[in-house]
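What follows is calculated from the coordinates using simple rules that are stated; it is not laboratory data. A quick note: this is a predicted structure, and the numbers were derived from the prediction, not measured. Reconstructed Cβ throughout: ideal geometry from the backbone, glycine too, with neighbour counts over all protein chains shown.
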Amino acid sequence: MTQHAPQIRHATDQDIPVLRELFEAGVYEGQVHINDTGADIEQLTEAYFSEAAQGCFWVAATGTEIAGMIGVQRLDDSVAEMRRLRVRPQFRRQGIASALLEHAIRFCRERDYLKVVLDVRVERQPAIQLFEKFGFYLSRVREQDGRRTLDFFVDLYSDPRGE
């Protein structure tokens with residue numbers, strides 16, 4: 001864990017340059033699909049905070065610096081998708097991704113989503129281990145442009161931890 005727990009707060013339009021930087025780092029590291037433009041980051045309100053989106057987007061801040069981010073978007077009345085989980089390299093392995101993921105799952109429970117889905121590149125082994133630690137199950141493996149992507153889900157109504 002970090003010496004000081006990160007403050008998790010709603011992202012704002014003022015955060016967009018840093019969110020874009022985190023997104024671009026994911027592109028550089030090969031964590032993002034080739035056709036993903038990150039347009040949702042530029043349109044935070046419409047993509048996450050609008051009535052239609054029924055989601056949210058958060059940042060984890062340590063002091064004055066944004067260390068990470070995560071978003072949740074509604075797919076249908078009972079299913080949400082977690083997106084854009086990223087942590088800056090200098091803040092990794094300090095519990096920030098876990099704090100963001102826990103916060104996002106709590107949000108989904110409070111909004112009565114029954115299922116949460118996400119996808120991750122096969123190369124992101126630490127992220128895969130984190131998702132499995134939080135009870136996500138592998139549902140399928142997809143191949144696109146020669147890259148393998150894993151689809152995960154967790155059923156919130158049958159969480160074995162009873163949370």
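Some points to look at:
- Values of log10 I(q)/I(0) for the range 7-158 across q = 0.09, 0.19, 0.20, 0.21 Å⁻¹ run -0.26, -1.29, -1.45, -1.60, by the Debye formula with one identical scatterer at each alpha carbon and no solvent.
- Efficiency of FRET from Cβ geometry, Glu123 and Ser98, R₀ 25 Å, rounded to 0.05: 0.80
- Virtual paramagnetic centre 7 Å along Cα→Cβ of Glu110, amide N under 15 Å, in the range 55-90: 55-59, 71-73
- Amide H contacts under 5 Å for Arg121, placed H, 5+ residues apart: Leu150
- Taken about its Cα centre, the chain carries a charge dipole of roughly 600 debye when the Cβ of each Lys and Arg holds +1 and the Cβ of each Asp and Glu holds -1.
- The label point for Glu24 and the one for Asp151, both projected 7 Å from the Cα toward the Cβ, are 3.2 nm apart.
- Residues with amide H under 5 Å from that of Ala11, placed H, sequence gap 5 or more: Phe57, Trp58, Val59
- Stretching the chain fully between Gln144 and Glu51 yields a gain of 30.3 nm (0.36 nm per residue, less the alpha carbon separation).
- Across the range 115-122, computed HN-Hα scalar couplings (Karplus, 6.51 cos²θ - 1.76 cosθ + 1.60, θ = phi - 60°) run 9, 10, 10, 7, 10, 8, 5, 4 Hz from first to last residue, x flagging Gly and Pro.
- Of the DSSP H helices in the chain, those whose Cα atoms cover at least 20 Å axially and whose Kyte score averages -1.0 or more: 96-110
- Separation of the Ile16 and Thr64 label points, Cα + 7 Å toward Cβ, nm: 2.3 nm
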